[in-house]
1. Please report, ordered by residue number, the helices (runs of 4 or more DSSP H) entirely within segment 115-214 with at least 1 residues that are of a type in the set (Lys, Arg) and either crowded, with 19+ Cβ neighbours inside 10 Å or more than 15 Å from the chain's Cα centre (by Cα) (or both).
2. Only one residue in Glu13, Glu37 is of a type in the set (Asp, Glu) and touching a His at 6+ places or on another chain (Cβ under 8 Å). Which one?
3. Those residues that are among the basic types (Lys, Arg) and out of contact with any Asp or Glu (no Cβ under 8 Å at 6 or more places or on another chain), I need them from segment 165-189; list them, please.
4. Across segment 66-94, what is the total count of residues that are part of a loop (DSSP other than H, G, I, E, B) and free of Cβ contacts under 8 Å to residues at least 12 places away in the same chain?
5. Search segment 6-47 for residues being of a type in the set (S, T, N, Q) and surrounded by 16 or more Cβ atoms within 10 Å (Cβ to Cβ), and hand back the single one that is farthest from Trp59 (Cα to Cα).
Amino acid sequence: MWSPEEYDNHVLEARSGDVQAMFQVAVFHNRRGDMDEAHEWFEKAANAGAIEARAYLGWVYKMKDLPDEAIRWTRQAAMDGNDNAKVMLDMLLNPSDDSRPEIVAMAHMSKLMGDAAASLGNWAQARDGWYRAADMGNLEAMTLMGRLEEQEGAAGAAILWHERAALRGSNESMLRLGGIHHRRGDASLAREWFTVAAESGNTEAEKILWALPD
């Protein structure tokens, strides 16, 4: 994390047109979970030519189930030579039906492979297994990806994974979203997610709500 002075210097550079500074400011806000600020700076960096920013925006829109925007930004990044974007573009243009039994089975197997790797402390393989499972629609894997991003200090990515899982019914992700926003100091949003989690039957969220100041 930067000091306030370092942050001001990077923002000054970004506002003067430094593309790398724009991207760094975006990453800074993203790791803190400041999603609106991060998105604003990622778009500025992407429009100024930052390939990584274009690829990241494609992923964000994919996570938010906005395929047209996801394809637009991912295609730009792929045309710029980003290998990850090329892979994701193929997935976006040829989406699989995650309700098909064979896809559900593949997702479950990938999740189990991730679990096995995590039990051995191999977090790189765990991430790979959980990511593939989550991308195929496995709800538990989405929540696990959110927890993993939390552990690694990437609040922005954690929020995106937990929101995706929460919208599909994971009350653990609802609870964890409340916790993330509480740590960020956003009391209103934290209470909103704790309330949703409690209403969906999460008893821990109910206890937290009782303890929160009015």
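1. It comes to 155-166, 171-184, 187-199, 203-211.
2. That would be Glu37, the only listed residue that is of a type in the set (Asp, Glu) and touching a His at 6+ places or on another chain (Cβ under 8 Å).
3. Residues satisfying the conditions are Arg168, Arg183.
4. 2
5. Selected residue: Gln24.
Every read-out reported here was derived from the displayed coordinates using simple, explicitly stated rules and does not represent laboratory data. What you see is a predicted model; the values in this text were computed from it and never measured. For neighbour counting, all protein chains shown are included, and Cβ atoms are generated from backbone atoms with ideal geometry for every residue, glycine included.
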